[in-house]
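Data block below; observations after.
The values are calculated or read from the model by the stated rules, or taken from the named source; none is laboratory data. Just so you know, these numbers come straight off a predicted model, no measurement behind them. Don't worry about glycine lacking a Cβ; one is built from the backbone with ideal geometry, like all the others, and counts go over all protein chains shown.
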């Protein structure tokens, strides 16, 4: 098995599970979505939006070296309808990008200007970082939901493999 196949499976897994979390969040009353947390972002909705924004950051603004046009989603997105629309568009963009990758692309160096200096990172590192980023914040969403006595839609890798048939 090669790293590219592993990356594609992880992105498929995160895409599938993210939609389950979005469904759970969309069934919550606004009061729960906007309830203040002591997590990395003020509300459970903003944690979810941050996941989407991280994909935007890396796959649009960094990869295209367009950081001057970047603005944070969580400062503008206010309701679950907007989040659903954004998730669909961002997921489509990311999955198309991941699906187009060739093994050699993983070694490609991505460069961007952060306002002070030129930064560089291998695409493989960015792709793996985003797998970790989503898992980290999804765990955080789990904790916030548990504190509200709401069961998160936890779908383990093994359950996903059994449902999709995408075997290692």
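Hey, among the residues in the stretch 138-168 that are under 21 Å from residue 98 (Cα atoms) and assigned to a helix (DSSP H, G or I), which one's modelled with the lowest pLDDT?
164
For residues that are under 20 Å from residue 127 (Cα atoms) and part of a helix (DSSP H, G or I), tally how many sit in the stretch 48-85.
Going through the stretch 48-85 one residue at a time, the tally reaches 16.
Between a first residue in the stretch 68-93 that is over 14 Å from residue 34 (Cβ atoms) and a second residue that is surrounded by 11 or more Cβ atoms within 10 Å (Cβ to Cβ) and modelled with pLDDT under 95, which pairs have beta carbons less than 6 Å apart while being 6 or more apart in sequence or on different chains?
Pairs that qualify, where the first residue is over 14 Å from residue 34 (Cβ atoms) and the partner is surrounded by 11 or more Cβ atoms within 10 Å (Cβ to Cβ) and modelled with pLDDT under 95, are 70/61.
Name the pairs whose Cβ atoms lie under 9 Å apart, with the first residue in the stretch 104-130 and closer than 22 Å to residue 13 by Cα, the second assigned to a strand (DSSP E or B), and 6 or more positions between them or separate chains?
The qualifying pairs are 106/122; 123/109; 123/110; 125/110; 126/110; 129/121.
Let me spell it out: the conditions are (1) surrounded by 12 or more Cβ atoms within 10 Å (Cβ to Cβ); (2) farther than 24 Å from residue 13 by Cα, and residue 60 meets all of them except one. Which number is the exception?
(2)
Name the single residue, out of those in the stretch 96-125 being loosely packed, with under 15 Cβ neighbours inside 10 Å and within 18 Å of the chain's Cα centre (by Cα), that is farthest from residue 67 (Cα to Cα).
99
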